[in-house]
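Here is the structure we will look at.
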Amino acid sequence: MDIVAFIVQAQQSQTQPDVSTLLGTVMLGLGVVFVLSVVTTGFVAKKINNISEPSYSKAFGATFFKNILFWPGFMMGLHVTQLNPLVVFIVAATLIPLVIYKTVFGSLWREAAVIWLIVSIQEFALGYVLTLAGAMSFQAFT
């Protein structure tokens with residue numbers, strides 16, 4: 001269900017949406033972010049000259065492992081270091097993707113940092129836009 005139809009339906013019924021509708025919308029948003037992250041990772045890796053044989057399958061693997069390994073790394077960092085959670089979050093969000101990109105693409109740290117920076121900007125911007133769209137759709141219920 002697209003966002004415009006969701007808003008129109010909400011304005012007509014003026015009832016709260018089901019939990020399954022909300023969960024489905026969130027999962028759809030996460031899927032969109034994941035797919036576009038894979039495409040961005042693959043595109044950037046193909047544009048960098050020092051990466052040998054970049055492919056979208058490697059980009060899929062890198063994105064999958066980056067997303068899966070972030071939370072255990074973050075929790076382990078909280079448990080082991082006893083630092084401020086924001087510091088551990090920033091370190092985990094920087095170090096884990098860099099190591100994954102360097103390992104998967106067989107690149108130098110510099111190329112891994114370029115991929116990480118571009119993908120992080122894309123994910124942040126897309127997350128912001130999707131959150132804004134979700135907030136605007138919830139205003140229809142008030």
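Looking across region 16-39 at every residue that is in contact (Cβ under 8 Å) with a residue 24 or more places away in the chain and under 11 Å from the mean Cα position of the chain (by Cα), the one that is least open to solvent (accessible area, probe 1.4 Å) is identified as SER37.
Here's the yes/no breakdown for (1) in contact with a Lys or Arg (Cβ under 7 Å, 6 or more places away or on another chain); (2) more than 30 Å from PRO17 (Cβ to Cβ); (3) surrounded by fewer than 14 Cβ atoms within 10 Å (Cβ to Cβ):
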site: VAL104; (1), (2), (3): yes, yes, no
site: LEU108; (1), (2), (3): no, yes, yes
site: GLU111; (1), (2), (3): no, yes, no
site: ILE121; (1), (2), (3): no, yes, yes
site: PHE124; (1), (2), (3): no, no, yes
site: TYR128; (1), (2), (3): no, no, yes
site: THR131; (1), (2), (3): no, no, yes
site: ALA135; (1), (2), (3): no, no, yes
site: GLN139; (1), (2), (3): no, no, yes
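The single condition among (1) among the acidic types (Asp, Glu); (2) open to solvent by 30 Å² or more (accessible area, probe 1.4 Å); (3) touching a residue at least 60 places away in the same chain (Cβ under 8 Å) that GLU53 does not satisfy is (3).
The values are calculated or read from the model by the stated rules, or taken from the named source; none is laboratory data. These figures come from a predicted structure and were not determined experimentally. Cβ atoms come from the backbone with ideal geometry, glycine included; neighbour counts cover every protein chain shown. Surface areas here come from the heavy atoms of the whole protein model, side chains and all, with no ligands, DNA or RNA. Shrake-Rupley method; radii C 1.70, N 1.55, O 1.52, S 1.80 Å.
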